[in-house]
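Take a look at the structure set out below.
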Amino acid sequence: FIRIDWEYHVEQLRHTDEFQKRYHMTEASFNKLLDMLREYIEMNKKQSSCSSRGNVPIIPEVVLASGLRFLGGVGFAELADIFGHSTSSSKRIVDRFLTAVNCCPGLLLKLPSTSDELKNHADQWDNLSSAFGLFHGVVGAIDGWLACTNKPSSRDATNQTDFFSGHYQRYGLNVQAVCDSKLRFIYLSINSPGKTNDARAFQRCDSLQEWLDKLPEQYFLIGDNAYQLNSTMLVPFQGSQKRNDINRSFNFYLSQLRIRVEMAFGRMTTKWRIFRKNLDFSLHKNTIIIEVAAKLHNYVIESDGVHFNCSSGEMSIEDFGVETLELGPLENRGYLPSSLDKDAQKELDQKRRNSIIDEIRERQLLRPEYNVIRNNDANL
């Protein structure tokens with residue numbers, strides 16, 4: 001095999017202005033990430049020389065480049081052709097990359113814990129809403145995502161049907177995630193098969209539950225109707241409850257904020273195109289791929305200074321560059337939100353929501369006219 005000349009390769013990409021397109025981040029961010037991961041991806045020269053029959057050792061730049069191209073949807077055989085090593089080496093290189101990202105302390109997902117961190121998160125969410133201050137105390141938006149996979153092997157799963165989502169007619173994993181106002185994931189858990197609804201998967205998020213139990217009373221998460229309304233979770237009105245204008249206004253302004261987690265999933269699966277098809281590895285490796293993709297999603301937002309601003313409440317996920325996916329029985333987004341559990345809506349604590357409703361009445365903060373007209377037209 002003829003190893004790629006990395007410096008010449010980069011120079012070509014600079015000349016054609018395609019580095020970011022190939023590696024899904026700027027060259028500066030690539031080099032910064034390389035420094036963060038170097039100690040985990042540096043090859044032992046002696047071992048590498050022996051395993052590659054005297055060929056030049058694979059350099060850290062190629063390990064990182066191979067991993068990013070893999071997440072971008074490039075297969076092992078194509079990676080071998082691009083970088084000049086065997087297909088089996090591509091698999092080992094990608095595994096090394098995945099392990100490195102998961103081991104790197106600078107890429108860990110972190111829930112806000114200190115009073116300053118919580119206040120900062122809440123203030124940032126406030127700045128997104130056109131009803132400034134109405135939902136003060138939001139520190140994250142939560143949602144579930146069905147990460148589509150092939151049918152797991154009998155070695156991986158004793159009950160393979162647990163991974164089949166009847167709602168989407170696909171196998172997958174239920175991914176629970178919380179994002180901040182900048183679409184960065186601050187929590188992610190893959191603890192349930194695709195058949196599990198969000199309410200149950202959420203209850204299995206032990207570390208998140210512990211964090212919520214310690215959350216000061218002025219702070220809370222926002223989610224959809226898959227989650228239960230209580231003192232630490234605010235959800236929309238549904239069914240007959242949303243027929244009056246006040247409750248619809250509540251849902252409108254809550255949606256302005258809650259859509260951020262849908263955008264986060266959408267942006268991640270658009271950037272890392274490996275999710276455009278079913279993950280076809282072991283359950284363990286599929287889980288690692290999802291975790292790594294979430295961490296690097298955050299990294300790109302922070303390192304490249306990506307901003308996603310929306311306060312109209314009228315934007316859909318597609319308005320933010322998320323492409324549609326034409327697979328299976330549905331035309332859907334670049335991610336599949338896990339199915340809703342209608343029985344989950346047991347209103348355990350309405351105090352916070354009722355106080356917000358009272359404020360909407362006092363401020364006469366009804367939905368914008370364009371939203372009323374659009375919804376009326378949709379019901380004709």
Item checked: Residues of region 171-208 with amide N under 16 Å of a point placed 7 Å along Cα→Cβ from N150 -> 171-173
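Under a 1.4 angstrom probe, counting protein chains only, how are I4, I290 ranked by accessible area, largest first?
Numbers: I4 40, I290 0 Å².
Largest accessible area first, the list is I4, I290.
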Checklist line | Label zone at Y40 (point 7 Å along Cα-to-Cβ), backbone N below 18 Å, region 81-102 | finding: 91-102
Checklist line | Radius of gyration, Dmax [region 140-189; alpha carbons; angstrom] | finding: 13.4, 40
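How far, in nm, would the chain grow between R243 and Q203 when pulled straight, counting 0.36 nm per residue and subtracting the alpha carbon separation?
Numbers: separation 40, 0.36 × 40 = 14.40 nm, distance 3.01 nm.
Going from the current span to full extension adds 11.4 nm.
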Notebook entry, point to check: For region 117-157, what mean projected area does the convex hull of the alpha carbons give, in nm²?
Noted result: 5.1
Margin query: 7 Å from Cα along Cα→Cβ at both T158 and S282: what's the point-to-point distance in nm?
Written below: 1.8
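From the Cα trace of region 217-298, what convex hull volume per residue do you get, rounded to a whole Å³?
On the way: hull volume 12.4 nm³, N = 82.
Spelled out: Cα convex hull of region 217-298, divided by residues, is 151 Å³.
Quick check on region 173-250: what does the Kirkwood estimate of hydrodynamic radius come out to from the alpha carbon pairs, in Å? Don't jump to the answer; show the numbers that get you there.
Numbers: mean 1/r = 0.0716 Å⁻¹.
Kirkwood radius, region 173-250: 14.0 Å.
Across every pair of different alpha-carbon atoms, what Kirkwood hydrodynamic radius in Å does region 70-196 reach? Let's see the in-between values first.
Working: mean 1/r = 0.0556 Å⁻¹.
Radius from the Kirkwood sum: 18.0 Å.
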Note to self: Need one value: the accessible area of T99 in square angstrom, 1.4 angstrom probe, rounded to the nearest 10.
What the structure shows: 80
Next item on the list: Roll a 1.4 Å probe over the protein heavy atoms and report the accessible area of S154 in Å², nearest 10.
Entry: 90
Checklist line | Gain on full stretching of the segment that runs from Q124 to E217 - 0.36 nm per residue minus C-alpha separation | finding: 31.7 nm
Notebook entry, point to check: Going highest first, how would you order 36-43, 362-369, 231-238 by mean Cβ packing within 10 Å?
Noted result: 231-238, 36-43, 362-369
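The values are calculated or read from the model by the stated rules, or taken from the named source; none is laboratory data. Worth saying up front: this structure is predicted, and the values here are computed from it rather than measured. Positions of Cβ are generated from backbone atoms using ideal geometry, with glycine treated the same way; all protein chains shown enter the neighbour counts. Accessible surface is based on the protein model in full, side chains and every heavy atom, while ligands, DNA and RNA are left aside. Shrake-Rupley method; radii C 1.70, N 1.55, O 1.52, S 1.80 Å.
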